[in-house]
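The values are calculated or read from the model by the stated rules, or taken from the named source; none is laboratory data. Everything quoted here is computed from the prediction, not taken from an experiment. FYI the Cβ positions are ideal-geometry reconstructions off the backbone, even for glycines, and counts take in every protein chain you see. In case anyone asks, the SASA skips ligands and DNA or RNA and just uses the protein heavy atoms, side chains included. Shrake-Rupley method; radii C 1.70, N 1.55, O 1.52, S 1.80 Å.
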Amino acid sequence: MAKRSAGLLMYRQGAAGLEVLLVHPGGPFWAKKDAGAWSIPKGEYEAGEAALDSAVREFAEETGGAAVGPFVALGEVKQASGKVVTAWAFAGEFDVATLRSNTVRVAWPPRSGRQIEVPEVDRAEWFGVAAARGKLNQAQVAFVERLVAALEQNAEEIV
């Protein structure tokens with residue numbers, strides 16, 4: 001059975017148009033990776049746990065910020081790893097200078113048996129839609145596209 005994650009895509013109207021908040025994974029493996037390495041704040045959840053509840057919790061753990069609805073369902077994507085990610089979008093503001101991420105233990109160097117503790121997320125940034133397409137894990141680009149479509153369709157109701 002595929003691993004399942006749930007996440008939130010925060011958005012705002014910036015000076016140059018729609019912007020989305022993305023996070024970059026922490027740790028030495030990701031340190032020099034940029035294009036395709038960014039993600040929405042997300043995390044795995046257990047069977048029986050509500051995906052949206054998990055997404056809200058993961059947003060807080062990875063950013064230190066609060067997620068307040070209303071939430072717009074963005075559906076699911078399947079990443080190249082096989083992981084299925086379910087996402088929602090919400091309008092909000094977040095000062096990236098206040099990023100406060102939880103930490104995780106990872107094997108480093110790989111297969112060494114040695115464990116190090118790293119922040120799950122090492123930075124967050126606001127990106128315009130075009131830039132976000134190049135930064136995001138390829139499967140997650142669909143979430144940005146679905147957000148754009150939802151905002152165009154329901155502009156008065158969502159923003």
- Query: Among the residues of region 116-130, which ones are assigned to a strand (DSSP E or B), closer than 30 Å to Y11 by Cβ and charged (D, E, K, R)?
  - Reply: D122, R123, E125
- Task: Go over the candidates V68, V23 one by one and state the one that is without any contact (Cβ under 8 Å) to a residue 60 or more places away in the chain, within 19 Å of W126 (Cα to Cα) and aliphatic (A, V, I, L, M).
- Result: V68
- Query: G113 fails exactly one of the following numbered conditions: (1) at pLDDT below 95; (2) assigned to a strand (DSSP E or B). What is the number of that condition?
  - Reply: (2)
- Message: So if I check each of A47, A15, which one is small (G, A, S), without any contact (Cβ under 8 Å) to a residue 40 or more places away in the chain and within 24 Å of A149 (Cβ to Cβ)?
- Response: A15
- Item | Failed condition for E117, given (1) in contact with a Lys or Arg (Cβ under 6 Å, 6 or more places away or on another chain); (2) open to solvent by less than 60 Å² (accessible area, probe 1.4 Å) | (2)
- Task: Kindly indicate whether T98 is within 26 Å of G17 (Cα to Cα) and over 13 Å from the mean Cα position of the chain (by Cα).
- Result: yes
- Item | Long-range neighbours under 9 Å by Cβ, at least six apart or interchain, first residue in contact (Cβ under 8 Å) with a residue 24 or more places away in the chain within region 73-93, second among the acidic types (D, E) | K83/E44; V84/E76; V85/E76; T86/E76; A87/E76
